[in-house]
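Colleague: One structure follows; several queries about it will come next.
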Amino acid sequence: MYRLRLHRLRSSSIVRRAAGLAALALAIGLSFGAREPQEHRGRFGLTRLDTADGERASLDGFFPSSDCALCHPRQWNELSGSLHSVSHHDPLYRAFAELARKEAGPEVYASCSGCHSPAGVASGLIPDVPEERLPEDAKAGVTCDVCHQVDALSGAHGPWKEEGNASLVLRPGRTKFGPFDDIARNPAHSGAARDFFRSSEFCAACHTVIHPTNGLFIEHTYDEWKRSVYAEKGIQCQDCHMRSVEDAIRVARTLEPVEVRGRSATKGEERRIAPHFFVGGNVDADVLARSTKHADMAEARLKSAAELAIEVAPSATAQALAFDVIVTNVGAGHALPTSLTELREMWLHVRVLAEDGRVLFESGDLDEHGEIRDGAARFGAITLDAQGRKTFKPWEAVSFGWKRLVPPKGSTRDTFRCALPTDAGAVTIDARLHYRIAPPHVVRELLGEAAFVPQIVEMARAERSFAAR
Ligand code: HEC
Ligand code: HEC
Ligand code: HEC
Ligand code: HEC
Ligand code: HEC
């Protein structure tokens, strides 16, 4: 659809057209829609989070992560400052979630909280207890005890036949579940192995977001991964997100897992371990989670994810310069961008420069408010509400109006055309792929006075010269 439409740029003599391999991205994008059944209600309402004994859990069953740090300082240092560690307090989430509570009601708010504040939901405190009266342990986010008290996944047997919407069965208590079946005796807890700790399905339980009442698959990182060569080769989410950035780059390049060895506990033996940084693309982690370390790692990860190439059309002349910019997803085990595609922004900034530096053509630059100008080559999604209007609020979404993602190990191609002035001489085509977590106007709308300007990261760059004959 969008593929055939010509985007008019500011100057009518310049057009850009997405073509070729973009069809592949389109095919991927549009095949994720609403699936049966439309609605699912569980013990805690519209979230699928559950407890093994079928009762509300006591909040005492969820220790703060800092308690685990006594014997697991490495994991604690790595987790602190990750988005998991602030998934309830993250200011962008807080503002968005309060808006959901106000506009869509407490049931929808509880569905958000099943993933963002699981202990609060499992203890029955969310959504009834007001935010300011909630104990801190209910707001601690995705903690050690949330993940390591997951006894089972419930997705395969439930609706949609796959993990999502917090399809986790919690069993708070003395046993911590993890990858090992033979842990060293210790005064704090016993251990038990669950195979899913080393598989993507565990992550999918929260990283697949399904609209709780209409069944639209809003975030489908797992499905993107499942159809990729990574899944085929047995590379799991953990192989990239529970590894250093350098190791993750190696994993993406070689399609072989990298094993890391070290101690699991200060008094443990040497084992196969897994770094707990959980870094994705959130370069604003310095603002949102007060961690420059995690923000820097996210930047490095984004810079390893894509490659750009420029191909000048063989028929190009100064009067009709035509060139393609090709984006290849080399490093992400899922689409680029992924998950919150209706919020995240990835786009091409393309310029044609004269020898003296004059800008002869530009696409994908920002306007005076910091928003991307119309006509840019973009990647992401637009969700529509029941009236067919554009909305960035997931609770209003009933369908995708547009979606364009670069599939894992796949490419997209955008064609740019312009006419050069007669005195242009040799020109340089400069293309950059940019990313930011959200458009500034959305951050302003959500955070008001406290708004920050989302950082723009240059993920990749390519340059090509062209001399008109
Ligand atoms: C199935 C689990 C799940 C549910 C339900 C869910 N989320 Fe999320 N949410 C996530 C995950 C996972 C991410 C991280 C995705 C990413 O960073 O790309 C996320 C990220 C976000 C972010 C971005 C935060 C940032 O710092 O960029 C916001 C805002 C957000 N969610 C709001 C909501 C709201 C509001 C709801 C309810 C209407 C909701 N979420 C429901 C799992 C969930
Ligand atoms: C008194 C020290 C101590 C404390 C406190 C402690 N642990 Fe442990 N934990 C250990 C030891 C020792 C091991 C085993 C290490 C080994 O065998 O290599 C272990 C292993 C584990 C494992 C692996 C289990 C498996 O079967 O794979 C997990 C998960 C775990 N701990 C989680 C936690 C969590 C969560 C907390 C906080 C609520 C915590 N631990 C607090 C000492 C402790
Ligand atoms: C988002 C879920 C999640 C959170 C939060 C989390 N873990 Fe883990 N943890 C895992 C997974 C998944 C593995 C297995 C990874 C693998 O082996 O590939 C693991 C492995 C472990 C192990 C054994 C391997 C190792 O690296 O030592 C221990 C011990 C452990 N976690 C303790 C902790 C502690 C302590 C915390 C809190 C500071 C914590 N975890 C937070 C998901 C989590
Ligand atoms: C209990 C739910 C839950 C589980 C299980 C879970 N996550 Fe998350 N994850 C979240 C939420 C919620 C966020 C977003 C928090 C925010 O931004 O406010 C998130 C954020 C992330 C991010 C940061 C994304 C960014 O934009 O930088 C990464 C990476 C990530 N998770 C990876 C994983 C991996 C890998 C696993 C499996 C080992 C996993 N998660 C399991 C809920 C979960
Ligand atoms: C081959 C390595 C690799 C694998 C496998 C992988 N990822 Fe990623 N992931 C990346 C890279 C690189 C990025 C940074 C680029 C980006 O933001 O998309 C990323 C980003 C993310 C983000 C942040 C996206 C955003 O823009 O907000 C989330 C969430 C995430 N991954 C979750 C997952 C989950 C869940 C799985 C398993 C289903 C997984 N990843 C598998 C490499 C990988």
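Colleague: Which three numbers, in whole Å and largest first, are the semi-axes of the equivalent ellipsoid of the range 352-452 derived from its Cα gyration tensor as √(5λ)?
Modeller: Details: eigenvalues 218, 70, 31 Å².
Working from the Cα gyration tensor, I get semi-axes of 33, 19, 12 Å.
Colleague: For the range 50-298, state the average projected area of the convex hull of the C-alpha atoms over all orientations, rounded to one decimal in nm². Before the final figure, lay out the partial values.
Modeller: On the way: hull surface 53.6 nm².
The number I arrive at for the range 50-298 is 13.4 nm².
Colleague: Once you place label points 7 Å from the Cα toward the Cβ at Thr317 and Glu463, how far apart are they in nm?
Modeller: In this crude spin-label approximation the distance works out to 2.9 nm.
Colleague: Could I ask something else about it? What is the distance in Å between the Cα centres of the range 310-368 and the range 435-458?
Modeller: 22
Colleague: So what J values fall out for the range 188-194 if you push phi through Karplus, 6.51 cos²θ - 1.76 cosθ + 1.60 with θ = phi - 60°, rounded to Hz, Gly and Pro as x?
Modeller: With the stated coefficients, the range 188-194 comes to 8, 6, 9, x, 8, 7, 10 Hz.
Colleague: Separate question: Return the lysines within reach of Lys393: Cα separation strictly under 29 angstrom, same-chain partners fewer than 8 residues apart disregarded; answer none if there are no such residues.
Modeller: Lys102, Lys139, Lys161, Lys226, Lys303, Lys403
Colleague: What is the local net charge at Ser82, summed over the other residues whose Cβ is closer than 12 Å to its Cβ (Lys, Arg +1; Asp, Glu -1)?
Modeller: On the way: positive: Arg290, Lys293; negative: Glu78, Asp90.
With Lys, Arg at +1 and Asp, Glu at -1, the neighbours total 0.
Colleague: Can you tell me, using C-alpha contacts under 8 Å and at least 6 residues apart, the relative contact order of the range 54-168 as a whole percent? Walk me through the numbers on the way to the answer.
Modeller: Details: 129 pairs, mean separation 34.4, N = 115.
30 percent.
Colleague: Determine the percent antiparallel among the DSSP beta bridges restricted to the range 50-298, to the nearest 5.
Modeller: Numbers: 10 of 16 bridges.
Expressed as a percentage, antiparallel bridges in the range 50-298 total about 60.
Colleague: Which value in deg cm²/dmol, rounded to the nearest 500, describes the helix-derived mean residue ellipticity at 222 nm for the chain, given -39,500 (n - 2.57) per DSSP H run of n ≥ 4 and division by the residue count? Mind dumping the intermediate values first?
Modeller: On the way: 15 runs with 111 residues, N = 469.
Mean residue ellipticity at 222 nm (helix-derived): -6000 deg cm²/dmol.
Colleague: Give the peptides 429-436, 93-100, 353-360 in descending order of average Cβ contacts within 10 Å, highest first.
Modeller: Numbers: 429-436: 22.8, 93-100: 18.4, 353-360: 12.8.
Packing proxy ranking, top to bottom: 429-436, 93-100, 353-360.
Colleague: With a cut-off of 8 Å between alpha carbons and a minimum separation of six or more residues, what is the relative contact order of the range 50-298 in percent?
Modeller: Details: 406 pairs, mean separation 49.0, N = 249.
Value for the range 50-298: 20 percent.
Colleague: With contacts defined as alpha carbon pairs under 8 Å and 6 or more residues apart, what's the relative contact order of the chain in percent?
Modeller: Working: 1032 pairs, mean separation 81.9, N = 469.
Reported as a whole number, the value is 17 percent.
Colleague: Could you work out the percent of alpha carbon pairs in the chain separated by over 41 Å, rounded to a whole number?
Modeller: Details: 22730 of 109746 pairs.
More than 41 Å apart: 21 percent of the Cα pairs in the chain.
Colleague: In addition: Quick check: net charge around Thr175, other residues with Cβ under 11 Å of its Cβ, Lys/Arg +1 and Asp/Glu -1? Before the final figure, lay out the partial values.
Modeller: On the way: positive: Arg171, Arg174, Lys176, Arg194; negative: Asp151.
Counting the neighbours of Thr175, the net charge comes to +3.
Colleague: Convert each backbone phi in the range 110-123 into a coupling constant with the Karplus relation 6.51 cos²θ - 1.76 cosθ + 1.60 (shift: θ = phi - 60°), then list the ³J(HN,Hα) values in order as whole Hz, x for Gly and Pro.
Modeller: For the range 110-123, the Karplus-derived couplings read 5, 5, 4, 5, x, 9, 7, 9, x, 5, x, 6, 5, 8 Hz, x marking Gly and Pro.
Rule-based calculations on the coordinates, nothing more; no lab input. All values reported here derive from a predicted model rather than from experimental measurement. Using ideal geometry, Cβ is built from the backbone for each residue, glycine included, and neighbour counts are taken over all protein chains shown.
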